[in-house]
Structure formats: structure tokens, C-alpha cells
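Presented below is the structure to which this report refers.
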Amino acid sequence: MKTKLINFSKYSSFKIGGSFDVALLEDDFSHISDYYLIGSCNNTLVGTNPPPLMMLSKKYDYIKIEDDVLKIGGATPSGKIASFCKKHDIANFEFVSHLPGKLGGLVYMNAGLKEFEIFNSLLTLQMPSGLKAKCQVAFGYRSTDISEPILEASFILEYGFDEDKVAMFKRMRSNQPSTPSAGSCFKNPEDDYAGRLIEEVGLKGVMRGDMCFSKEHANFLVNNKNGTFQDAMWLIDEAKRRVKEKFDISLECEIVILNRD
Ligand SMILES: Cc1cc2nc3c(=O)[nH]c(=O)nc-3n(C[C@H](O)[C@H](O)[C@H](O)COP(=O)(O)OP(=O)(O)OC[C@H]3O[C@@H](n4cnc5c(N)ncnc54)[C@H](O)[C@@H]3O)c2cc1C
């Protein structure tokens, strides 16, 4: 496979990580099990020794209406999806303008805002092993059982882009820090909030190097300038340890950590 050198301190939303070669996945799927697939690393913390990485090539960056459904390539950025839907007056994708990532990452994580999730209007997924219908995939809150690259997804085509929803999603974002992060660090445990637990164990705003759980939103691990992977991991492990000790709750990371110890 062709490769591309990527500097993760620029590419990833955390602005953490060194430069590593990333293989470009196009039509040859024979070696995919040797690599870890990334999208645009808006939900990913890249370590100092990541596994071999691959990403979909530009071939999978497209969005089109075909056979009365919306077809989106796995490498299509969320901003492009939002602009297309606005331009063509398509409903149900207003929330993606506030979710940084590529289509494959959005589907893999079942990304969303409250009850607005990418799986809501999903029809099918095209993967190297073939086409899968939505009913063949297990999915839930920020999770799916997908285990291979999503090359394309098709969605119900419904018209009526809603500007009021865009404004509502913008308001929902207003308490979130603009400092580099990867969104929510931990999944919310059942009937509770990870941010509340982090605050209760005294970690909100505590600096470790240039990293901290944000004072604005405790479940956002933020990089204030020159944060490192080690500092991020210290805070993640410390939050897990303290929350387990005080509340007997095991926090589960929502972010993906890519490092081989
Ligand atoms: C400021 C900020 C706010 C955020 N707010 C939210 C929010 O409100 N709700 C929310 O759900 N998320 C939120 N996120 C997280 C992020 O937007 C989503 O998780 C998004 O889906 C990440 O997409 P990505 O392409 O960057 O994926 P990556 O971070 O690159 O990868 C994430 C996972 O997806 C897998 N993956 C990537 N591409 C593919 C593919 N083609 N096929 C199969 N698997 C693939 C990767 O293997 C990895 O396991 C936020 C992030 C930031 C930085």
C-alpha cells in the first residue's frame, strides 16, 4: 500500500503525537488486518508508539444522491456532509456540522448529539466483506460491533434541512471548551455523568503538564498547549482509579488510545 507521512501533533484534534507513516487503503484489502484504521483522529489519542496505521484514500471522499438514497464515502468529512445537505435541502444531518470527523468514524462510533445519532437514518454499509443492512449491525450509545473498514454508507433521503436545529445544536455546544480535545473523554456510565464523577474526585481543572480535564466541561480532556501523551494518560488513569475507589464505577474511555506499550 502507498503511505503518507502524517504529523499527528497537527492532524489530530488533541494536537498530540509524532509523525508516522500511514498506509492508504484503496482497492486492495488483503493486508487490512495488519493495520489500525484511522479517520481524522477527532476521537483518538495517538501515543509515542502506535500500531501500524492506515486510512481510506481520497477515493472514498464523496457524497451523492443515487437511487433515491444518500450515499456517502467513508473518508468524507462531516463538514462536507453538512454543506451538501444544506445545499440540497436534505433533513436529518444538521447535527453533523458540530461533530468533527469523517463518515467512517462517525458511523463506527455511532456519533451523535443526545438522541440525534448517525444510525438514525442509516440504511446500509459497504465494507470489504460486502454490503450489510443496518439490522445486521449491533449498535448502541457511542458504540457498534463493526470490525472492518466502512467504505460507504447509504442513508434515508428525506428533504427539509432545518436551520432551527442547526441553531439548537450550536447552543448545545456552547458549554464545550474550544481548546484542543477529542470531545468527551469517557462514556457516561448508566444514570450518571462522567463529568460529574471527575469533578467529585477533585480532578476538574487539575493540570498535569499542559493537560487537564477542562474547567468548562470536566469530561473534556484538553491540551492547553504542549500537552503530551504521557500527561494525558496520567490524567485518564488517575480519573479511572479515583472514580473506582470513591464510587465503585469503572469509567470506560470514549476516546480511542493508540499505543503499544
Ligand atoms: C470538540 C469535539 C467535540 C466532539 N463532540 C462529540 C459529540 O458531541 N458526540 C460524539 O459522538 N462525538 C463527539 N466528538 C468525537 C468525534 O467527533 C467523533 O467520535 C467522530 O466520529 C470521530 O471521527 P474521526 O473520523 O475523527 O474518527 P477517528 O478518531 O479517526 O477514529 C475513531 C474510531 O473510528 C474508527 N474508524 C474511523 N474510520 C473508520 C472507517 N472508515 N471504518 C471503520 N471504522 C473507522 C477508528 O478505527 C476508531 O476506532 C467530538 C470531538 C471533538 C474534537
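Each label was represented as a point 7 Å from its Cα along the Cα-to-Cβ direction; for residue 207 and residue 158 these points are 4.8 nm apart. Extent of the stretch 116-261 along its three principal axes (Cα atoms, max minus min coordinate, largest first): 46, 41, 33 Å.
Across the stretch 194-247, Cα-Cα pairs farther apart than 13 Å form 50% of the total. To one decimal place, what Kirkwood hydrodynamic radius in Å is obtained for the chain from all pairs of distinct Cα atoms? Result for the chain, one decimal place: 19.2 Å. Whole-percent P(r), the stretch 3-101, all Cα pairs, 10 Å bins from 0: 14, 40, 30, 14, 1. Among 29, 220, 155, the largest mean-square fluctuation in a Gaussian network model of the chain, built with springs joining Cα atoms closer than 10 Å, belongs to 29.
The modelled label-to-label distance for the pair residue 176/residue 61, using points 7 Å beyond Cα in the direction of Cβ, is 2.2 nm.
Listed by chain and number, the aspartates and glutamates whose C-alpha is less than 20 Å from the C-alpha of residue 246, apart from same-chain residues fewer than 8 away, are 190, 191, 192, 199, 200, 237, 238. For the stretch 85-216, the per residue solvent-accessible surface stands at 49 Å², with DNA, RNA and ligands left out and a 1.4 Å probe.
GNM on the chain, alpha-carbon springs under 10 angstrom: the most fluctuating residue among 12, 181, 30 is 30. Surface composition of the stretch 146-257: carbon and sulfur make up 45 percent of the accessible area, probe 1.4 Å. Taking 0.36 nm per residue of separation and subtracting the Cα-Cα distance, full extension of the segment from residue 19 to residue 98 would add 25.7 nm.
Bridging of residue 58 to lysines at a Cα separation below 28 Å is possible for 2, 4, 10, 15, 71, 80, 86, 87, 102, 132, 134, once same-chain residues fewer than 8 apart are set aside. Helical content of the chain, expressed as a calculated mean residue ellipticity at 222 nm, amounts to -6000 deg cm²/dmol (DSSP H runs of 4 or more residues, -39,500 (n - 2.57) each, divided by residue number, nearest 500).
Working from label points 7 Å from Cα in the Cα-to-Cβ sense, the residue 134 to residue 31 distance is 3.7 nm. With a Förster radius of 25 Å applied to the beta-carbon distance between residue 141 and residue 167, the computed FRET efficiency rounds to 0.50. With contacts taken as Cα pairs under 8 Å and at least 6 residues apart, the chain reaches a relative contact order of 19 percent.
Under a Gaussian network description of the chain, with springs only between Cα atoms under 10 Å, the residue in 140, 202, 130 that fluctuates furthest is 130. Looking at the chain, the DSSP beta bridges with both ends there are about 75 percent antiparallel. Express in whole angstrom the spacing between the alpha-carbon centres of the stretch 170-222 and the stretch 86-157. When both Cα centres are located, 25 Å separates them.
The values are calculated or read from the model by the stated rules, or taken from the named source; none is laboratory data. Everything numeric in this text was worked out from a predicted model, so none of it was measured. Cβ sites come from the backbone with ideal geometry, for glycine too, and all protein chains shown count toward neighbours. Areas reflect the complete protein model, heavy atoms only, side chains present, ligands, DNA and RNA absent. Shrake-Rupley method; radii C 1.70, N 1.55, O 1.52, S 1.80 Å.
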